[in-house]
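Inspection log for the structure reproduced underneath, given as structure tokens.
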Amino acid sequence: MKDIDKGPVLVSACLLGIKCKYNGGDNKNEKVLKFLEGRDYIKICPESMGGLESPRLPSEIEQGYDGMDVVEDRARVYASDGKDLTGEFLRGAQISLNQAKKHQVSLAILKESSPSCGGNKIYTGRFEGQKKEGQGVTAALLRKNGIRVLTEEDL
């Protein structure tokens, strides 16, 4: 896996141990840290960069949709209290994409299941802890712009 995409890597900050997760914690992942050894990487937290604090209420993409639907203005992202956070999620995704372009990134390692970073799975939008196939807002925008997205579960 070390041979793929030799350039710099965009990586979810929570996977590096940075406490930016919605609940104030992190998702530090040893496989990700090992993969990044000797590589240049750019850490991102689209939700923080979009203006959301940590800790914060959990957010999910509305039921029946995924991140591409949000990117293409067919769906919204809501906090568990019903507040619409679509603007913050889109802003964070755009800042992430700008960083990827600035650093000529062709690969991103993002946090699976996140409404921003999920690459293969996201929560259903019902706030019941259930997951479904789908991608988060940032993952969708990066893919739409030709950037390969993997998650910690793909390594």
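The values are calculated or read from the model by the stated rules, or taken from the named source; none is laboratory data. The shown structure was predicted, so the numbers you read here are calculated from the model rather than taken from an experiment. Note that each Cβ is placed from the backbone with ideal geometry, even for glycine, and that neighbours are counted across all protein chains shown. Remember, those area values only see protein heavy atoms, side chains included, never the ligands or the DNA or RNA. Shrake-Rupley method; radii C 1.70, N 1.55, O 1.52, S 1.80 Å.
Structure notes:
- Accessible surface ranking that places the most exposed of Asp40, Asp84 first, with a 1.4 angstrom probe: Asp40, Asp84
- Note on the stretch 21-99 and the stretch 141-155: Cα centroid distance 13 Å, given to the nearest whole angstrom.
- A Cβ-based charge dipole, computed about the Cα centre of the stretch 1-113 with Lys and Arg at +1 and Asp and Glu at -1, lands at about 520 debye.
- Over the chain, DSSP H runs of length four or greater, each weighted -39,500 (n - 2.57), average out per residue to a 222 nm ellipticity of -7000 deg cm²/dmol.
- Note on Lys144: accessible area approximately 110 square angstrom, rounded to 10, probe 1.4 Å, nucleic acids and ligands left out.
- Rolling a 1.4 Å probe over the protein heavy atoms of the stretch 1-120, with every protein chain left in place, gives an accessible area that is 48 percent carbon and sulfur.
- Taking the longest Cα principal axis of the chain as reference, the axis of helix 86-102 is set at about 10 degrees.
- Heavy-atom accessible area per residue - the chain, 1.4 Å, Å²: 48
- For a label point 7 Å along the Cα-to-beta-carbon line of His103, residues of the stretch 125-155 with backbone N under 12 Å: none
- Taking the DSSP beta bridges with both ends in the chain, the antiparallel portion is around 35 percent.
- Dipole of the chain, positive direction: furthest Cα of Ser80, Ser114, Gly7, with charges on the beta-carbon: Gly7
- The candidate values are (1) 24, 16, 14; (2) 31, 16, 13; (3) 21, 17, 16; the one derived from this structure for semi-axes √(5λ) of the Cα gyration tensor in Å carries the label (1).
- Orphan Cys of the chain, criterion: no other Cys C-beta under 4.7 Å: Cys14, Cys117
- Dipole moment magnitude, nearest 20 debye, the stretch 67-155 about Cα centre, only Lys, Arg, Asp, Glu C-beta charged: 260
- Within the straight-line cut-off of under 22 Å between alpha carbons, the lysines reachable from Lys21 are Lys31, Lys34, Lys43, Lys83, Lys111, Lys121, Lys131, Lys132, sequence neighbours fewer than 8 places apart in one chain being disregarded.
- With all protein chains modelled, accessible area of Arg74 [1.4 Å, Å²]: 120
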